[in-house]
Structures are given as C-alpha cells and as structure tokens.
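Taking it in order: structure first as structure tokens, then the write-up.
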Amino acid sequence: MTGNNAVSEAMRQINPDVVAAYPITPQTEAVEEFAEFVANGLVKTQYVPVESEHSSMSACIGSSAAGARTMTATSSAGFALMWEMLPIAAGLRTPVIMYVANRSLSAPLNIHCGHDDTMGGRDSGWIQIYSENAQEMYDNLIQAVRIGEDMDIRLPVMVSMDGFITTHSVERVDLLDDEAVRKFVGEFKAINSLLDVDNPVTIGACALQDYYTEHKRQHSEAIINSKAKILEVAEEFAKMSGRKYGLFESYKLDDAEYALVIINSAAGVAKMVVNELRAKGVKVGLLKPRIFRPFPAEEIKNALKHLKAIAVMDRVDAFGAGGTPTFTEVRSAMYGLPKQPLMINYIYGIGGRDIRLEDINKVFQKLFDVAKAGKVDKVFDYLTVRE
Amino acid sequence: MAKKTMNRHEMPIGSIIKDPGCSMQYETGGWRNLKPVHDNKKCTNCLLCWIYCPDGCIKVKDGKIAEFDLKYCKGCGICAEECPDKVKAIQMVEDKK
C-alpha cells in the first residue's frame, strides 16, 4: 500500500470521534479514503468537511476541547494556513493528532517534498514525529494518540512523512489487528470538557503580563517531560507489534567515525551508502531523528560524541540562519564537549529533487576530507545545485 | 483581578479558567481618573445616564437613581455628557485615590 493508504488505515483503526480536514496534495488521498470509510460506516467518526485549513484546525481545537478524540491532516500551504491555530491547539493543551505530508512551500509553486511545512512549525508547541517510510508512518500515528492524550502531556502531535516519495510509493506495510489498535489507543479521556455543563469552564481567555509566562512555562514543562512518555509508549508498542522505536534511530553508529544525520525517507538511501562503505571497511553510520520536538539533545550528543566528523542534512533551507533546523539543533547539542566532532551542513532534495546514492557518497567523501584536514572550510552548502 | 496570583503548579492546564464569571472579581474601577458626583436635588430622574452608562454602573431603585457603583466605573464621563443641559446633575471630578 502507499503511505497515504497506511495513514487512512491507521485512522480507521483509531476510529477518532471527529476528523475535520481539507484536502491538499500530497495528503489528499489519505483523507479522501478516510471520508469513504465514514460514508461506508466503517468508523463512527463525525467528518467535518471544512472550507479551509484555518477552519479545520479551529474545528479540531473546539472538538478536542469538547472532549472528542480528534484528528486532521495537511501539507505545505495548508499547514501554513493553519499556522495561527497551531500554537492555540498547543496552548489550550488539546491533544489533536495531525498527519502532515511534507511538501515544499511556494514560491515558486512546488507540490513535491520538502520539510518547509513542519520545520516552519517546529516551535508551535506541538510534539513532532518524523517517519522514514509507510510502516513507520503507520506505527507513529498510532503511538501519537497515546502520547498526545497522556494525562501528564496533553499536547497535540504532528506525524509526518515525505510527500510523494513516501505518500505515493507502494511498499509493504504490516498492519495490526483492528482490535489490538483499539485496545492500544484506549478511550479518550476528557479534561474540563466544554460539554460538561455541571462544571463550566472558560477556554481561550486572555492572560497578560500577570499570567502568560506561567502558562508557557507549564506548557514547556509538559513537552520536555513527554520524552520519557514517548519511550514508554514505544516500549508498549514494541510488545504488541515487535517493532522498536526510540527518540531517533542509530544505524551502525557505535563504532563509526563518520556519520550523517538525516530525517525521513532520505535516511533509507543513506543507509544503502553506509552499507556499501561498510563493505569496504570504512566506519560510517547514520542517525535518523524521529522525535524533533521535544528535541532529544542530550541523547543525540551521547550518540554522536565519539565521531570524527558529522554531516547534518536538511530537506529545507533556513535563509540566512546559522544553518538548517536540524543542524543548529545538533550542533548546539554538541557544544561543550571537550572534544567536538567536526560538523558540516547540507541542504538537499528540496522541491522533491532526487537524492541519489552518489550524492550521499559525495557527502561522506567530504567528511573524510574534513577529518583529514582537521578543520571545516565551509560549514554550510547545497548538495545538488547548478552553481 | 484575582487577589492571589497562582504559580504554574497551582494553575489548571490549557489556559483554562475553572471559575466562570470571574470578571466580576476584576474591579475595573481602578483605572479611573475622574469620578461622577451626582446631585440628587438637581436630578429629574430621566434615567438617560442609566441608559447610556456602558458599564451598567448606575443603579436605579423605584424609578430613581439610587447609586453610582464605583467598583466598575472607569470615569468615562458619558453619564455627565448625556445629562440634559438644563439639568446637569452629574459633575466629573478628579478621583484622588
């Protein structure tokens, strides 16, 4: 099945109370199929066909605050149109679960893969989970329900995979039994439900100089603490599915001297190159972040600190920043080590441009050069561009 | 405004107020620079001030002006402005707190 099929199947098994979504390429297939499930009575979901993504996120916030398990999906410009509502969903602590098909932002108009959407929303207060392939997307979406709805967390969660590359490619996905998923996600437990007329509350009130800081501090604490819960949920999921997840995936890192840090589908290509170089006896490895928010800085530092040189690759530009989003996070995590690995940063694959084995190979060759020279001549570069 | 400010552990999560109607406790009269002074003898009890007061601070009893509630009166002066020119029963004076 395709990545989008895997999403709609997961949504069917989760059987949320409410889905308010608007179609946008390349996510459309997932919500379209889910709407069919609703029409055919396979789920009990109330499907709200909204007129825009701003409305879909608004409807989701209201529905979640009312006490309903709520899901939605979007991509690119749709994500951008939701932006105003994203920190509101997080600030009101409504555990909305959102699937995002990673797609570039305009202009120029481009419908293909880039992490522009979710990386732009990385500080909106949501938990962020990234998925390399359809199987991970399916597994992550089911886990997201438990993570977001945990009584100590209560935060919205976005789970993403690469637009077209993963959303539209057909691959093998092992599905769990409907009953097993139902049991795993359990019942939605409302806190301060808007429908509880005996205990009325005011939601979305104003908090100025006297209270705003405490609200944000509370929110910040919840997302920092979610790290441990994410691992607990992953452990329970592994017992059910046999598939293990962590905060990130370490691929042949333990004895590695050179490594890449790369998110989502391109990590698959990179693993092939790692295998090829390993066959020649070169000690290379890869770290693939899964949870980007909360960013597991300490754990990533410990996983990478023994390396000679690291290349952090992002499928998004950061226009004048001190590096792309993952690079600035990883380099910041490494700061303060007595002996720091040399680090470089690449932008690759934006607007859906293919990343090939030889491209990844070039990055490793660059890492060997950097390590040999003992210094970095150019911190930041584009990987495939006609200069 | 709530009398005692809560710390982050005491607050319910999600920016929620568990005690609806709490704007009653927020005594906005504290913003006031001028306060209305009402002259019973001049007043014809036409109730124009009662109609125009944007905060419902003017209390009426048995068809007559009974009280200016200074807890919420922000001293906007609309009551004094609307009081007919021939009557002028309301004066805005500096409120020295």
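If each of A:Arg172 and A:Ile203 carries a label point 7 Å out from its Cα toward its Cβ, how far apart are those two points in nm?
The modelled label-to-label distance comes out at 4.4 nm.
With a 1.4 Å probe, what is the total accessible area buried between chains A and B, in Å² rounded to the nearest 100?
About 1600 Å² of accessible surface is lost on pairing.
Label points 7 Å out from Cα along the Cβ direction at B:Leu47 and A:Met1: separation in nm?
6.8
Once you have a ≥ b ≥ c as the square roots of the Cα gyration tensor eigenvalues for segment A:31-143, tell me rounded if a/c is under 1.5, and otherwise prolate or oblate according to whether a/b is larger than b/c.
Verdict is rounded for segment A:31-143.
Tell me the angle of helix A:325-334 to the major Cα principal axis of chain A, expressed in degrees between 0 and 90 and rounded to the nearest ten.
So the inclination is approximately 70 degrees.
Give me the percent relative contact order of chain B, please, defined on Cα pairs under 8 angstrom at least 6 residues apart. Intermediate values should be presented prior to the final figure.
Working: 131 pairs, mean separation 33.0, N = 97.
In percent, rounded to a whole number, it is 34.
Hey, any idea what % of segment B:1-87's accessible area is carbon plus sulfur with a 1.4 Å probe?
54
Tell me, how many Å apart are the Cα centres for segment A:242-277 and for segment A:287-302?
When both Cα centres are located, 13 Å separates them.
Based on Cβ point charges of +1 for Lys and Arg and -1 for Asp and Glu, what charge dipole magnitude is obtained for segment A:225-336 about its Cα centre, in debye rounded to the nearest 20?
180
Quick one: give the max-minus-min coordinate of the C-alpha atoms of chain A along each principal axis, largest first, in Å.
Taking max minus min along each principal axis of the Cα atoms, chain A gives 70, 50, 45 Å.
Assuming a ≥ b ≥ c are the square roots of the Cα gyration tensor eigenvalues, decide whether segment A:215-333 counts as rounded (a/c under 1.5), prolate (otherwise, with a/b larger than b/c) or oblate.
Here segment A:215-333 falls in the oblate category.
Given Cα pairs under 8 Å that are at least 6 residues apart, what percent is the relative contact order of segment A:171-263?
Worked out over segment A:171-263, it gives 18 percent.
What number comes out for accessible area per residue over chain B if the probe is 1.4 Å? Units Å², please.
70
Among bridges DSSP assigns within the protein assembly as shown, what percent are antiparallel (round to 5)?
30
Take every Cα-Cα distance within segment A:152-214, group them into 10 Å bins from 0 onward, and report for each bin the whole-number percent of pairs it holds.
Final binned percentages: 13, 23, 30, 19, 14, 1.
If I compute solvent accessible area with a 1.4 Å probe over the protein chains, what percent of it on chain A is carbon and sulfur? Intermediate values should be presented prior to the final figure.
On the way: 8420 of 16130 Å².
Carbon and sulfur together cover 52 percent of it.
Given the -39500 (n - 2.57) contribution per DSSP H run of 4+ residues, what per-residue ellipticity at 222 nm results for chain A, rounded to the nearest 500 deg cm²/dmol?
Values: 13 runs with 159 residues, N = 387.
Taking each H run of at least 4 residues, the total per residue is -13000 deg cm²/dmol.
For every other residue with a beta carbon closer than 13 angstrom to the beta carbon of A:Pro325, add +1 if it is Lys or Arg and -1 if Asp or Glu, then tell me the sum.
-2
Using a basic spin-label model with each label point 7 Å from the Cα along Cα→Cβ, how many nm lie between B:Tyr26 and B:Val60?
2.8
Over chain A, what is the mean sequence separation of C-alpha contacts under 8 Å (at least six apart), divided by residue count, expressed as relative contact order in percent?
Details: 776 pairs, mean separation 59.0, N = 387.
Once divided by the residue count of chain A, the mean separation gives 15 percent.
Can you give me the C-alpha center-to-center distance between segment A:1-52 and segment B:12-91, rounded to a whole angstrom?
54
Rounded to the nearest 0.05, what FRET efficiency do A:Asp354 and A:Ala321 give with R0 = 35 Å and r taken as the Cβ-Cβ distance? Could you check?
0.90
Please give the Cα centre distance for segment A:60-82 versus segment A:316-387, rounded to the nearest Å.
34
Rounded to the nearest whole Å², what accessible area per residue is found for chain A with the 1.4 Å probe? The partial results should precede the final answer.
Details: 16130 Å² over 387 residues.
With all protein chains present, chain A gives 42 Å² per residue.
Please determine, in degrees from 0 to 90 and to the nearest 10, the orientation of helix A:3-14 with respect to the longest principal axis defined by the Cα atoms of chain A, where the helix direction is its Cα long axis.
Computed tilt is about 40 degrees.
Which of the three applies to segment A:312-387, rounded, prolate or oblate, going by the alpha-carbon gyration tensor with a ≥ b ≥ c and a/c under 1.5 meaning rounded? Write out the running numbers ahead of the final one.
Numbers: a/c = 2.14, a/b = 1.31, b/c = 1.64.
The shape class here is oblate.
For the cross-link pairs A:Lys244/A:Lys378; A:Lys227/A:Lys378; A:Lys44/A:Lys271; B:Lys61/B:Lys88; A:Lys229/A:Lys280, which exceed 32 Å when the distance is taken from alpha carbon to alpha carbon? The partial results should precede the final answer.
On the way: A:Lys244/A:Lys378 37 Å; A:Lys227/A:Lys378 34 Å; A:Lys44/A:Lys271 41 Å; B:Lys61/B:Lys88 20 Å; A:Lys229/A:Lys280 40 Å.
Those over the limit are A:Lys244/A:Lys378; A:Lys227/A:Lys378; A:Lys44/A:Lys271; A:Lys229/A:Lys280.
When only alpha-carbon atoms are used, what values of Rg and Dmax, in angstrom, describe segment A:143-261?
Final numbers for Rg and Dmax: 19.3, 62 Å.
Let me see the pair-distance distribution of segment A:263-375: every alpha carbon pair, 5 Å bin width, integer percents in order.
2, 11, 21, 25, 23, 13, 4, 1
Excluding residues fewer than 8 places away in the same chain, name every one of the aspartates and glutamates whose C-alpha is closer than 19 Å to that of A:Lys362.
The qualifying aspartates and glutamates are A:Glu257, A:Glu276, A:Asp314, A:Asp354, A:Asp377, A:Asp381, A:Glu387.
The values are calculated or read from the model by the stated rules, or taken from the named source; none is laboratory data. This is a predicted model, so every value here is computed, not measured. Cβ sites come from the backbone with ideal geometry, for glycine too, and all protein chains shown count toward neighbours. What goes into the accessible areas is simple: the full protein's heavy atoms, side chains included, and nothing from ligands, DNA or RNA. Shrake-Rupley method; radii C 1.70, N 1.55, O 1.52, S 1.80 Å.
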